[in-house]
Amino acid sequence: MIGNYIKTSGRNLMHNKLFSSINIVGLAISMSVGLLLIAFMLDLYSYDKFNKNGERIYRITNVTTSNNGQNSKMATTSIKAGKLIREKVTGTEEVAILRNDFSLDAKVGDNILPIKGFWAEPSLFRIFTFPMLEGNPDTALKNPYSIVLTETAAKKLFGNESALGKTIRSDTLSYRVTGVMKDVPFFSHIKFEALVSFSTAEQINKGDADFEAWTNMSSNYVYLLMQENADMASMQSQLNAIAKEENLADKSTEIQLELLPLYKIVVGEDLGSMAPMGPHIPPVVLWILGGLALVVILSACLNYTILTIARAMRRFKEIGLRKAIGAGKGQVRQQFLTEAVIISLAALLLSFFIFLLLRPQLIDMAPEMQHLVKLELSPVMVAAFIVFSVVVGVIAGFLPALFFSKISAINALRNVSSVKVFRHLSLRRALVVIQYTLTLIFITATAIGYVQYKNILAFDLGFKTENILNINMQGNKSEGFLHELGEIPEVTALSRSMIVTSVGNAWGSFMKYKDSRDSAMVLTNYVDENYLPLHQYQLVAGGNFMARPTTAEAAREVIVNQQVLKRFNMDPDNPGKAIGKEITLIQPPDFSEQRKMTIVGVIKDFHYGKVQDLIEPVAFQFWTPEDRAIVNAKIRSTDMPATMARIKSVWKKIDPVHPFQAEFYDEAIENAYSELSAMVKIIGFLSFLAISIASMGLFGMVAFTTETRLKEISIRKVLGAGSGRLIYLLSRGFLVLLSISALIALPVTYLFIENFVLTRFPYHTPVHATELFVGLLVVLLVAFIMIGSQTIKAAKSNPTEVLKSE
């Protein structure tokens, strides 16, 4: 029976080459999107699966609540939390503390090479599956000044010689290589070149009372390996007890500890942190991508359904004969489902080649993609592709199978158009409306998204960014570099800051005014006296920094924005009255240091964060040499490559080891919205596919309709109807359906974009009519080409050739 189904399906497909080709190509194009999504999701859910005990590994998450009720979740936690968990919590097999601020300019002979990694405890090797090639994993990270290198890092430093037992020197310290491990797998959320014993960090920070403070959580991670069948509720209650006890000592901030499974780190809740660990993607992004891919696949399935039902009259005799000789509804359904699955499997072969063509394009779409996924084939992925193809075939063939199975042998010659969904719409027409409604939603959303993205890049941030090059000093002193840059004529102005704002970077302090119990988080940047004029910030009261302190403790001046005045009711309508007032700043990273500051200037509100963030209170403090330095260089040049070459040569003088790290401000802003850019590109690409698939379906429908109405057309021509009249008669029905689709799609798209998407962007520009109707015009243009190519051909046919046998 199955062989008969396959043989009959093959004959039917070969007999209707045009419709089979349209279905196969349409399904292949849409299925290639599904294959990309499957590969993408399989890669994401492959993270950390190489760990033998992955199901039992958890990371501690910090939930911080300030005294004004502000909550924030962080992937980092304190060293003290890790040590208390090891001492007091039952149910854990191993606890490992990881600290991420290790970097080293490694000196080996005459070579100086930068190495980055973590300070780690020996228990890390007992929690994670990081195989050791040389050395003992139990003791390699035990003693101070011990370092474990990855295989690649060892070869980079020592070539083909064994690294075990060798010494790596820096300017002040020496480290002994106690182990060489295999390279960290690509699908690990922890990436490093070296691990240094945590006892080394403890010795280096022996005199720092804040190193192990409960509130010092900016750079530390705590991982747990649970015992078999551990009681997670009991574990959480023990963590709550630790937090409750420690919070009693610090009333300004309340910290709670939560358990996060290893497999929910990469695909899971977004955890804001001053020290992010590895790649991350929110589940909502996968849902959005999955929904978009599903719409495109359904469009191709609708094509199959529409064309199959449109050709119903040609299959009615076949169905009637089958039922007359005893075929039941089940056999008819199986016949049409088999036919759909065969088409889907044929489409899979073509879609696989499209997948191979699109794979590098997706990986290169955003810089983060190259470090996030590989999309390489595996047996699991191939099996998933085949299962996906069968599922698509079943979905595509479901309605035709259901439709034909319900037709009785007696009524097998009745017209399919008698099947009604609504009062005036046949099933086929309803499906066309659904398909084009989805297509119009896609293309209209793309047009709106593209315009909004361009408006974001051109948004007035409240300061100037044109031709400003931000250069990361990477720990080097900036004075000599500034002097050298000042000698370059094309460099017209220079300043220093701790971070680059408006691109997602953030540094914060808590601020108090008169009421010591009332504090608010204030976004902070440390800048020098040249920063405001170089970026053309607008002062609404007061002036620039007057003092030139050389240490952070000596800095007592602060410049705030208007939001600070509103937050603390400092008469925001009269900003001049805020000048000279004293506020208290509670400084990071552990928020234990309180410093009295005097307001010397008020600047106009600007966008410290991204455009989707509300404008918040901001405070500028004076940059001192102990702060991290970003040099901001204003450049005016007619030969930018030559100017950049001169700047790089200056950098090589002060730092021949580290590569030059610099980015123009405008480029940094564009990169900050790379996720949004990638989403617009993806939706645009899917829109193109959707309209292509819908157009192929429309072409098939028009070809079939004109073929079935050739006699009517010939009779009308004999009776005197002109070509224009015939084109109107043939295309009128399709244009009515497109109009109905437009009436549904445009309001739905507008309401969805305005009420759900753009609400994330409080400063967005309104949606204009041109953005809404551009998609409709594109669809209409393509539809006219599809309809016109067939109707003109039919209108010009010779009536004598068509009617000669009548």
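FYI, it's all coordinate maths here, none of it is from the lab. This one's a predicted model, so the numbers in the text were calculated from it and none came from an experiment. Note: ideal-geometry Cβ built from the backbone for every residue, glycine included; neighbour counts use all protein chains shown.
What Rg and what Dmax come out for the chain when only alpha-carbon atoms are used, in angstroms?
According to the Cα coordinates of the chain, Rg and Dmax are 33.6, 105 Å.
Contact order normalised by length for the chain, with contacts defined as Cα pairs under 8 Å and 6 or more residues apart; what percent is it? Working shown, then result.
Numbers: 1372 pairs, mean separation 122.6, N = 806.
Relative contact order comes out at 15 percent.
Two decimals, Cα atoms only, Kirkwood Rh: what is Rg/Rh over region 491-635? Please report the intermediate quantities before stating the final value.
Numbers: Rg = 14.3 Å, Rh = 15.3 Å.
Rg/Rh for region 491-635 comes to 0.93.
Please state the relative contact order of region 54-264 as a whole percent: Cα pairs under 8 Å, 6+ residues apart? Please list the in-between numbers first.
Details: 441 pairs, mean separation 76.3, N = 211.
Contact order relative to length: 36 percent.
Take each uninterrupted DSSP H stretch in the chain, measure its Cα extent along the helix axis, and return the ones at 30 Å or beyond whose mean Kyte-Doolittle hydropathy is at least 1.0. Spell out each step's value before the answer.
Numbers: long enough: 17-44 (40 Å, 1.82); 283-310 (40 Å, 2.11); 329-363 (47 Å, 1.21); 379-405 (37 Å, 2.35); 427-457 (45 Å, 1.03); 674-708 (50 Å, 1.36); 723-752 (42 Å, 1.58); 769-795 (36 Å, 1.86).
Going by DSSP H runs, the hits are 17-44, 283-310, 329-363, 379-405, 427-457, 674-708, 723-752, 769-795.
For the chain, what does -39500 (n - 2.57) per DSSP helix run (n ≥ 4), summed and divided by total residues, give at 222 nm, in deg cm²/dmol to the nearest 500? List each step's numbers first, then the result.
On the way: 23 runs with 373 residues, N = 806.
My calculation for the chain gives -15500 deg cm²/dmol from helical runs alone.
If we sort 524-537, 728-741 on the protection proxy, mean other Cβ atoms within 10 Å, highest first, what's the order? Intermediate results must be reported in sequence, preceding the final value.
Numbers: 524-537: 20.1, 728-741: 17.6.
Sorting 524-537, 728-741 by mean packing, highest first, produces 524-537, 728-741.
For a Förster distance of 51 Å, can you work out the FRET efficiency between the beta-carbons of Thr90 and Gln587, rounded to the nearest 0.05? Spell out each step's value before the answer.
Details: r = 37 Å, r/R0 = 0.73.
Efficiency computed from Cβ-Cβ geometry: 0.85.
Would you work out the relative contact order for region 141-182, in percent, from Cα pairs under 8 angstrom that are 6 or more residues apart? All intermediate terms of the calculation are to be shown ahead of the outcome.
Numbers: 54 pairs, mean separation 21.2, N = 42.
Normalised by residue count, the contact order of region 141-182 is 50 percent.
Among Arg333, Arg628, Arg517, which comes first, then next, by fewest other beta-carbon atoms within 10 Å?
Ascending Cβ contact count within 10 Å gives the list Arg517, Arg628, Arg333.
Could you check the simple spin-label distance between Leu614 and Leu402, using points 7 Å along Cα→Cβ, in nm with one decimal?
4.7
Could you line up Ser237, Ser146, Ser30 from fewest to most neighbouring Cβ atoms inside 10 Å? Don't skip to the end; give the middle numbers.
On the way: Ser237 11, Ser146 21, Ser30 28.
In increasing order of surrounding Cβ atoms, one gets Ser237, Ser146, Ser30.
By count of other Cβ within 10 Å, fewest leading, how are Leu482, Leu350 ordered? Mind showing how you got there, number by number?
Values: Leu482 19, Leu350 16.
Least to most surrounded, the residues fall as Leu350, Leu482.
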